[in-house]
Amino acid sequence: MSEHVKTSMDVTSWDEKTISESGATKITRTTMGQSCTGDIEGSSSSELVMYYQDGGTATIVGFLTIDGSIGDRTGTVVLRSIGGFDGSEATADLTVVQGSGTGDLSGITGTGSSVAPSGPTAFVELDLEFPGES
């Protein structure tokens, strides 16, 4: 069964460390915690690697682990995130990592996107498939 879900993710913790730096560019690793409200309720933890470019933009790759519920289904799922920051907002394409779902989210697949205007909240939309449901 296909389901379109929307959720807000508010940053609850942020720990960013520089891995390398060269002139106006640098690479950082960020561990981030978020609370999820909306069609997804729960929390998420993220591991992100960011390449900051001259001019205030960045390329961002990483993984988000969501622990919570989607409707009446509970469990965890991991999303792969590939995106960037254009100087005013961060955007990313999201894909469920195959085999990452646990509990009622076992077998989940899907894709989506996130938009985070400067500030602590990201807005996420996902198109998800749940196996065995019609």
*So what is the relative contact order for the stretch 55-132, in percent, with contacts set as C-alpha pairs under 8 Å and at least six apart?*
23
*Extension gain Thr76-Gln53, at 0.36 nm per residue separation less the Cα-Cα distance, in nm?*
4.9 nm
*the chain - charge dipole about Cα centre, Lys and Arg +1 at Cβ, Asp and Glu -1, debye rounded to 20*: 400
*Stokes-Einstein D for the stretch 1-66, Kirkwood Rh over Cα pairs, 10 °C, 1.306 mPa s (µm²/s)*: 119
*Using the Cα atoms as the points, what is the convex hull volume per residue of the stretch 71-127 in Å³?*
78
*Note down the nm distance, to one decimal, between modelled labels 7 Å out along Cα→Cβ at Ser45 and at Ser20.*
2.7
*asked:* Over the chain, what is the relative contact order in percent, taking alpha-carbon pairs closer than 8 angstrom and at least six residues apart?
replied: 22
_Viscosity 1.567 mPa s, 4 °C: Kirkwood-radius Stokes-Einstein D of the chain over Cα pairs, µm²/s_ = 85
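FYI, it's all coordinate maths here, none of it is from the lab. Small disclaimer: the values here were computed from a predicted structure and weren't measured. Neighbour counts are summed over all protein chains in view; Cβ atoms, including those assigned to glycine, are modelled from backbone coordinates with ideal geometry.
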